[in-house]
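Reading through the structure tokens given below for one structure.
What follows is calculated from the coordinates using simple rules that are stated; it is not laboratory data. For clarity, every value in this text was computed on a predicted model and none was experimentally measured. Here Cβ is always computed from backbone atoms with ideal geometry, including for glycine, and neighbour counts include all displayed protein chains.
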């Protein structure tokens, strides 16, 4: 599809095509800023990119979803508008240039089937697909991890709601597995996800308008708590240096709300590592319990509250064949893991009961874990 799109838009075949998936966190939500672990999967929704060289210094990008062009030059990259489809495209070009890699003009096509109504890292997938395509086209000598740092800087500067960890999951995901990322070292490893399982991504059809500001407030509370704890114990450099038992020593020095948020972060770090152990042992009952526990802690301690998502998790707990369920993102939606043969029934029950409670329909996407970035020459 992306090849024919490129040909119809630019009247030439692309030289390189690539694609990168969106991603979803199964565990470890909101621990990255405290040096924790995240367990993610790459999903079956992707961004597709095609590129070809130009003889001038212009960059012409076309979005199939928006059906519009963006034309820019290197000089125009001093000011990049945020929250547009072209933001990660321009950000990648700028990051290459800022890191000393000179680029010729390019024709760029972008197509995506990643839902933008929930947080599935569409911008990160765009940055990954484009940066890996440019590396291949220009034969740039840069290691994967350094290229991912480049993508991470795009997120940091232009898409602050996404991170380098989203880029790692998008680039390095593997089918039939999840990826465990150490947010302190950026090292990652894999854990198997049984073929007997299906993962449901549930879009409740509603976005929390103050989600980003609330996230920043929670992060600020955690940062302030870390300052207090570090002043008492200089060996603590991040909240995830603590265990749950060690955290109890500092309860008298933190207010109730901050203590709850820190308790979530520290506990979630432990739950994430135990979740991976459970998957490796094939202990689906324990994996599911950890997901439900994670959701309760997100609601009761980290103070992310959504009646709709709470209802989905509560309903899921009553459905035969559901392994676990929890909130993901900043009140973005819910993720539910089911046994493959029970997936259809789970979708039916969730859809019907949600409609009864809230008077609107759910969007439910079914995905297995998928492979990460893919790149190929076409001419």
### Message
Given axes a ≥ b ≥ c from the Cα gyration tensor, I'd like to know whether segment 110-262 is rounded (a/c under 1.5), prolate (a/b larger than b/c) or oblate.
### Response
prolate
## Note on the structure
Residue separation between residue 190 and residue 219 times 0.36 nm, minus their alpha-carbon distance, gives in nm 7.7 nm
### Query
Does segment 153-219 come out rounded, prolate or oblate, given a ≥ b ≥ c as the square roots of the eigenvalues of its C-alpha gyration tensor, rounded meaning a/c under 1.5 and, failing that, prolate meaning a/b above b/c?
oblate
## Note on the structure
From fewest to most C-beta neighbours within 10 Å, the residues 185, 243 line up as 185, 243
## Note on the structure
Full extension between residue 257 and residue 237 adds, at 0.36 nm per residue less the Cα distance, a length in nm of 5.1 nm
#### Entry: Convex hull volume per residue in cubic angstrom - Cα atoms of segment 1-84
153
### Query
Relative contact order for the chain using alpha-carbon pairs under 8 Å, separation at least 6, rounded to a whole percent?
24
## Note on the structure
Which of 347, 38, 80 fluctuates most in a GNM of the chain (C-alpha springs under 10 Å)? That residue is 80
### Task
Take peptides 313-322, 141-150, 39-48, 355-364 and line them up by average Cβ neighbours within 10 Å, highest first, as a rough protection proxy.
39-48, 313-322, 141-150, 355-364
### Summary
Of 16-28, 53-65, ordering from highest average Cβ density within 10 Å down gives 16-28, 53-65
### Task
Using only alpha carbon pairs under 8 Å that are at least six residues apart, calculate the relative contact order of segment 199-367 and give it in whole percent.
32
### Task
Calculate the length of the line joining the C-alpha centroid of segment 192-254 to that of segment 1-56, in whole Å.
28
## Note on the structure
Honestly segment 199-367 on the Cα gyration tensor test (a ≥ b ≥ c root eigenvalues; a/c under 1.5 rounded, otherwise a/b vs b/c for prolate or oblate) is just oblate
### Query
Given only helices, namely DSSP H runs of n ≥ 4 each adding -39500 (n - 2.57), what is the per-residue ellipticity at 222 nm of the chain, to the nearest 500 deg cm²/dmol?
-13500 deg cm²/dmol
### Summary
Residues of segment 5-29 with backbone N under 17 Å of the label point set 7 Å from the Cα of residue 270 along Cα→Cβ are 28-29
### Query
Out of (i) 64, 52, 38; (ii) 58, 48, 40; (iii) 66, 42, 42, which label holds the value of Cα extents along the principal axes in Å that was computed here?
(i)
### Task
On a C-alpha basis, how far is the centre of segment 123-181 from the centre of segment 321-340 in Å? Whole number, if you could?
25
